[in-house]
Structure formats: structure tokens, C-alpha cells
Amino acid sequence: MMADIDEISRARMAIKHNRAALEASKECGCVYCISIYESNGNFEWIDTDQPTDRWTALCQLCEEPYVIGDAADLPLASDKALLDRLHEPLVRARSADA
């Protein structure tokens, strides 16, 4: 099953400039490597030339910028099926933008 437009749109917003959401999250998931792990706050950040609320986290496992925290407006909680549905449209879209 493919992700619906609403899920894709909310996920696209959640993976960018996500520092505040990840700092408020207990779990996070990566759309790129389809992993869910405990959010321990030890993220590497990109966009560090921006104000801190616009920083984007890299996944602690694959080092790609596709991390969504459970504090985001998505039903992430241990839902690898959601991450899997979001993988193709988000990864393909970002690759096309590059």
C-alpha cells in the first residue's frame, strides 16, 4: 500500500528542520533505512548555518536526513509499515530535487 498525499506531506515537513520535534520525542524512525530507535538526543545536524530551530537531523544508523520523531504529527509509534510506505515517495522525491 502506498502512502497517501496527507502522510507524504506531513512526513516531508517532519524530516526537515526537525530539531525541536526530535528533542521532544522518545522514539524516532528513519524513512530512508526503515529503522525505529530510541531518541537519545545524540544527533548529527545539517543546516547548522541556520538558526537552531531550523536544523535537520541525520539518522543515527544510516546518516541520511530522513528522521521523524514520535512528537511529529504522524502516527510513528513503532510503525515500520508507515516508514516503508513513505520511503519511495520521499526518497525518490528528494533524489529528484538534488
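A few notes on this one:
- Taken one residue at a time, the phi angles of the stretch 55-64 give Karplus couplings (6.51, -1.76, 1.60, θ = phi - 60°) of 6, 10, 7, 9, 4, 6, 9, 10, 6, 9 Hz. Gly and Pro are set to x.
- Highest average packing first - 47-54, 83-90, 34-41, Cβ atoms within 10 Å: 83-90, 34-41, 47-54
- Cysteines in the chain lacking any other cysteine Cβ under 4.7 Å from their own Cβ: CYS28.
- Here the extension length gained between LEU61 and ASN42 equals 5.7 nm, from 0.36 nm per residue of separation less the Cα-Cα distance.
The numbers here are math on the coordinates, done by the rules we state, and not lab data. Quick caveat, the model's predicted, so the values are computed rather than measured. All Cβ positions, even for glycine, are placed from backbone atoms using ideal geometry, and neighbour counts span all protein chains on display.
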